[in-house]
Amino acid sequence: MAATSNTHDASRQGRCLCGAVRYSFDPETTVFRAHCHCESCRRATSSPVTTFFGVRDSGWRWTGAAPASHASSPGVRRMFCGTCGSPMAYATDDLPGQTHFYAATLADPAGFAPERHDFWGERLAWLPLADDLPKHD
Ligand SMILES: [Zn+2]
Ligand SMILES: [Zn+2]
């Protein structure tokens, strides 16, 4: 049936650098798509900015090895590949019922369309960004 074959669609899957940690998700359950400029994400990813999409927990599953997890703040879980170290996902008790995946882990990230910037006030000035997306602190 269609729902089963769609789980093999590259637009619905992601993976870490080494391929051990994999996930699939239903794009219909995506709740947001945003860049994050906060200092915590910057340090967690060692990158000036990172980009997430949030998925309802009913709409995704790990399909490879389970990731390792680090509590970067109380109630926050940052999940990463225990083999290669790729950051994979973020979850917080403040936003129950959803998990945020790094858009760069998508099997095919080229078609991803972010909709806003978060923590714009914490951004690094040496990475100029001239898009027209809404910018929130
Ligand atoms: Zn890996
Ligand atoms: Zn952040």
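The values are calculated or read from the model by the stated rules, or taken from the named source; none is laboratory data. All of these numbers come straight from a predicted model, not from anything done at the bench. Here the Cβ is made from the backbone with ideal geometry for all residues, glycine too, and neighbour counts use every protein chain on show. For accessibility, only protein heavy atoms count, side chains too; no ligands or nucleic acids. Shrake-Rupley method; radii C 1.70, N 1.55, O 1.52, S 1.80 Å.
Just for the stretch 66-76: of the residues that are under 21 Å from residue 49 (Cβ atoms) and of a type outside the set (A, V, I, L, M), which one is farthest from ligand 2 (Cβ to nearest atom)? Quick ask: steps written out before the conclusion?
Kept after step one, since they are under 21 Å from residue 49 (Cβ atoms), are these residues of the stretch 66-76: 70, 72-73, 76.
Next, only the ones that are of a type outside the set (A, V, I, L, M) stay: 70, 72-73.
Working: 70: 14, 72: 10, 73: 11 Å.
Within the stretch 66-76, the match that is farthest from ligand 2 (Cβ to nearest atom) is 70.
Specify the residue that is farthest from residue 11 (Cα to Cα); the eligible residues are those in the stretch 22-41 that are loosely packed, with under 15 Cβ neighbours inside 10 Å and away from ligand 2 (no atom under 14 Å from the Cβ).
Pass one, the stretch 22-41, residues loosely packed, with under 15 Cβ neighbours inside 10 Å: 27-29, 31, 39.
Those left that are additionally away from ligand 2 (no atom under 14 Å from the Cβ): 27-29, 31.
Details: 27: 8, 28: 12, 29: 13, 31: 16 Å.
Restricting to residues being loosely packed, with under 15 Cβ neighbours inside 10 Å and away from ligand 2 (no atom under 14 Å from the Cβ), the top hit is 31.
Which residues, taken from the stretch 85-99, are within 14 Å of ligand 1 (Cβ to nearest atom) and either within 23 Å of residue 9 (Cα to Cα) or open to solvent by 50 Å² or more (accessible area, probe 1.4 Å) (or both)? Within the stretch 85-99, 86, 87, 88, 89 meet the criteria.
Quick grid of which residues meet (1) open to solvent by 60 Å² or more (accessible area, probe 1.4 Å); (2) without any contact (Cβ under 8 Å) to a residue 24 or more places away in the chain; (3) within 16 Å of ligand 1 (Cβ to nearest atom); (4) in a strand (DSSP E or B):
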{"residue": "43", "(1), (2), (3), (4)": "yes, yes, no, no"}
{"residue": "47", "(1), (2), (3), (4)": "no, yes, no, no"}
{"residue": "54", "(1), (2), (3), (4)": "no, no, no, yes"}
{"residue": "72", "(1), (2), (3), (4)": "no, no, no, no"}
{"residue": "77", "(1), (2), (3), (4)": "yes, yes, no, yes"}
{"residue": "101", "(1), (2), (3), (4)": "no, no, yes, yes"}
{"residue": "110", "(1), (2), (3), (4)": "yes, yes, no, no"}
{"residue": "117", "(1), (2), (3), (4)": "no, no, no, yes"}
